[in-house]
Structures are given as structure tokens and as C-alpha cells.
Amino acid sequence: MGKEIEIKLAAADAAALERVRADARVDAARVGAWQEIRMVTEYLDTPDREIAARKWTLRRRTENGEAVYTIKTPGDGYARGEWESRKEGLHEAVRELVRLGAPEELTALAARGVSRTCGVEFLRRTAELTLDGARCALCLDDGMLLGAARRRPFCEVELELVSGEAAPMLAFAAYLQEHHALREERKSKFVRAAELL
């Protein structure tokens, strides 16, 4: 199974994100240059919301214009099931997601037809960090949650494990919370966007 381990930290505004970016411990742990990715996300579901009913999230995101389909499923703690496909069309992507290990039921659900329920648009500034043997992606996200008619701005820090144990990453998240007035955000971007429907 594909697995994602991440923690999200809500920030008050873009200035708070900039303070995290300038933090000396972030700079010391950083491997390589900062990258910028423009993200446009559409969350997809069947007309009767059968995907959300299973607590799954199906999305189509463009990252600097390149399409990525992702399915996420529930997990324990900070972990979730996650599979990605860079196929351009939905049905081709779903076939690849299932081949990679996503639930087979996704094929039948997608065949019923899916459409956009809500979305998110944001700029992600990201760099890889090395923390006591663990490698993780540090993402600074600044954008807008999009319901059908309502919008809400958001700023957040995301740490996602790339390799190694999660403990050093979670300890670093605690450091960032304490030193930059961040708070843990337990709701995904999808859940917060769906609340605007």
C-alpha cells in the first residue's frame, strides 16, 4: 500500500510562513533549493457522494500545469493510504491507481461518473529537510479554499515524511509550533473546502 505520513500546522498569515522559511533551524536542515509549485486542485466525487462516504478523497491537481490524480484513504495517526498517477485522463489514471494498490472499488465508482465538488488553489514553496536521519518535505502553502460559492483563505505549514522514522519530523513540527505560533490542523484541505459547500 502507498502510505503518506504528514502533519499540517495552521499559520495566521503569509508573514508567519515567511518567518518559518527564514528560521535558522530550517535553513540548517534544508537540502537543496526552495522550489515553487502553483497548485490547482479539484476534489471529485460521484453524484451521490459515494467516495466521501467511504472517507476517501479523490482529487485532480495540476502542479505547475501538470495533472496528478490522487486517491487517499484513512489510516492510523498521521498516516494515510495514498496513491498517485500522472495519467492525463480520469479512467486511465484510475486503472493505474488500482494497479498501484488503491482499492479496486474505485474503478466501479469512477465508471458511474464523477464531478468537482470543491477545490483549492495555492502556491506551495517547498524544500527537503534532513532531520536526525529522517528526510521530509517542508511545504509552505498560501492560498484559497473554494466551495461552490464561498471562498476562504488559508496559510499552513506541512511536513511530509519522505524516508526514515516519523519521530524526528514530529519533534520538528513541535518546535515550529512553539517558535512560530502555529497550531496543528487536523482537517485536510478537502474537509475544509467541503465545509464551504
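The values are calculated or read from the model by the stated rules, or taken from the named source; none is laboratory data. Everything numeric here is computed off the predicted structure, so don't read it as measured data. We place every Cβ from the backbone using ideal geometry, glycine too, and count neighbours over all the protein chains shown. For accessibility, only protein heavy atoms count, side chains too; no ligands or nucleic acids. Shrake-Rupley method; radii C 1.70, N 1.55, O 1.52, S 1.80 Å.
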Worksheet, complete the sentence: The condition from (1) open to solvent by 60 Å² or more (accessible area, probe 1.4 Å); (2) at pLDDT 95 or above that LYS3 misses is numbered (2)
Worksheet item: Can you tell me which residues in the stretch 163-183 are in contact with a helix residue (DSSP H, G or I) (Cβ under 9 Å, 6 or more places away or on another chain) and aliphatic (A, V, I, L, M)?
Response: LEU176, ALA181, LEU182
Practice prompt. Give just the number: which of (1) touching a helix residue (DSSP H, G or I) at 6+ places or on another chain (Cβ under 9 Å); (2) more than 18 Å from ALA28 (Cβ to Cβ); (3) open to solvent by 10 Å² or more (accessible area, probe 1.4 Å); (4) modelled with pLDDT of 95 or more does ARG112 not satisfy?
Written response: (4)
Response to the item:
Considering the stretch 78-99, residues that are without any contact (Cβ under 8 Å) to a residue 40 or more places away in the chain, touching a helix residue (DSSP H, G or I) at 6+ places or on another chain (Cβ under 7 Å) and not basic (Lys, Arg), and then whichever is nearest to LEU9 (Cα to Cα), we arrive at SER85
Discussion item. Looking at the stretch 46-58, can you tell me whether even one residue there is open to solvent by 40 Å² or more (accessible area, probe 1.4 Å), of a type in the set (S, T, N, Q) and either in contact (Cβ under 8 Å) with a residue 60 or more places away in the chain or over 16 Å from ALA108 (Cα atoms) (or both)?
Written reply: no
Worksheet item: Are any residues in the stretch 147-197 surrounded by 17 or more Cβ atoms within 10 Å (Cβ to Cβ), hydrophobic (A, V, I, L, M, F, W, C) and over 22 Å from ARG21 (Cα atoms), and if so, which ones?
Response: PHE190, ALA193, ALA194
Practice prompt. Working only within the stretch 139-192, note down all residues that are of a type in the set (Gly, Ala, Ser) and assigned to a helix (DSSP H, G or I).
Written response: ALA167, ALA171, ALA173, ALA174
Worksheet item: Do you know which of the residues in the stretch 22-32 that are part of a helix (DSSP H, G or I) and open to solvent by 60 Å² or more (accessible area, probe 1.4 Å) is nearest to ALA193 (Cα to Cα)?
Response: ALA22
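This table checks each residue for (1) open to solvent by 70 Å² or more (accessible area, probe 1.4 Å); (2) in a helix (DSSP H, G or I).
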{"site": "LEU17", "(1), (2)": "no, yes"}
{"site": "VAL20", "(1), (2)": "no, yes"}
{"site": "TRP34", "(1), (2)": "no, no"}
{"site": "ARG38", "(1), (2)": "yes, no"}
{"site": "ILE71", "(1), (2)": "no, no"}
{"site": "ALA102", "(1), (2)": "no, no"}
{"site": "VAL120", "(1), (2)": "no, no"}
